[in-house]
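Right, one structure below, let's go through it.
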Amino acid sequence: MEQVRANQLWASLVDSLQLLAADYETQREAIPNFAHLPDELALIYSESLLCIERHTDELVDSGFLSESALQKLRELDDTLEHMSGKPSLWTIDALIHSSEWQQVRERAREILRQLGIPLSPPKLDWISYIRASARGTEDNW
């Protein structure tokens, strides 16, 4: 894998961790209002981790990622996956107040600390959002 691609994958993973680690206000500011915030948080992280998983060997070999950090990343993904079976956790109120989402934030912060990366607002300029029309898709052409 070329260095530029490894850097991009790494940056998107760090941004997704920064997003999960952030407080609610920062998360709300990072994601457009028309998107379902709890779903977006999990999807952005899961997609970033999926890309990392596809190139694990290269990222470990190049020093971007340790096996220990990879295990923590997978555990965080498992936490989100376990939460997915509980619809009550996928509300704004739950995102703000639930112990489960607080645990997600703490795990993301722990991973960032382990990686030596300070907590900062996520930079999600690599994500594009398109508001869907309330009308049928044929009206969008």
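Quick notes on this one:
- When ARG5, ARG107 are compared by accessible area of protein heavy atoms, the largest-first order is ARG5, ARG107, using a 1.4 Å probe.
- Put a dot 7 Å past the Cα of TRP126, heading toward its Cβ, do the same for GLU58, and the two dots end up 1.3 nm apart.
- Heavy-atom accessible area, probed at 1.4 angstrom with all protein chains present, ranks LEU20, LEU43 as LEU43, LEU20, highest first.
- In percent, rounded to a whole number, the relative contact order of the chain is 37, using alpha-carbon pairs under 8 Å and six or more apart.
- Exposure of TYR129 as accessible area (Å², to 10), given a probe of 1.4 Å and all protein chains: 70
- Simple Cβ-charge dipole of the chain, Lys/Arg +1 and Asp/Glu -1, about Cα centre, in debye nearest 20: 260
- Anisotropy class of the stretch 41-141 from Cα gyration tensor, a/c 1.5 cut: oblate
- Here the spin labels are modelled as points 7 Å beyond Cα on the Cα-Cβ line, and at ASN7 and ASP23 they lie 3.3 nm apart.
- Rg followed by Dmax, in Å, when the stretch 1-85 is reduced to its Cα trace: 13.5, 40
- Ellipticity estimate at 222 nm from DSSP helix runs (n ≥ 4, -39,500 (n - 2.57)) divided over the chain, nearest 500: -20000 deg cm²/dmol
- Placing LYS123, LYS72 in order of accessible area, with the largest value first and a 1.4 Å probe, yields LYS123, LYS72.
The values are calculated or read from the model by the stated rules, or taken from the named source; none is laboratory data. Note that the coordinates shown come from a computational prediction; the quantities given were computed from them, not determined experimentally. Methodologically, a virtual Cβ is constructed for each residue, glycine included, from the backbone with ideal geometry; neighbour enumeration extends over all protein chains shown. Note: accessible area is taken over every heavy atom of the protein model, side chains too, but ligands, DNA and RNA are not part of it. Shrake-Rupley method; radii C 1.70, N 1.55, O 1.52, S 1.80 Å.
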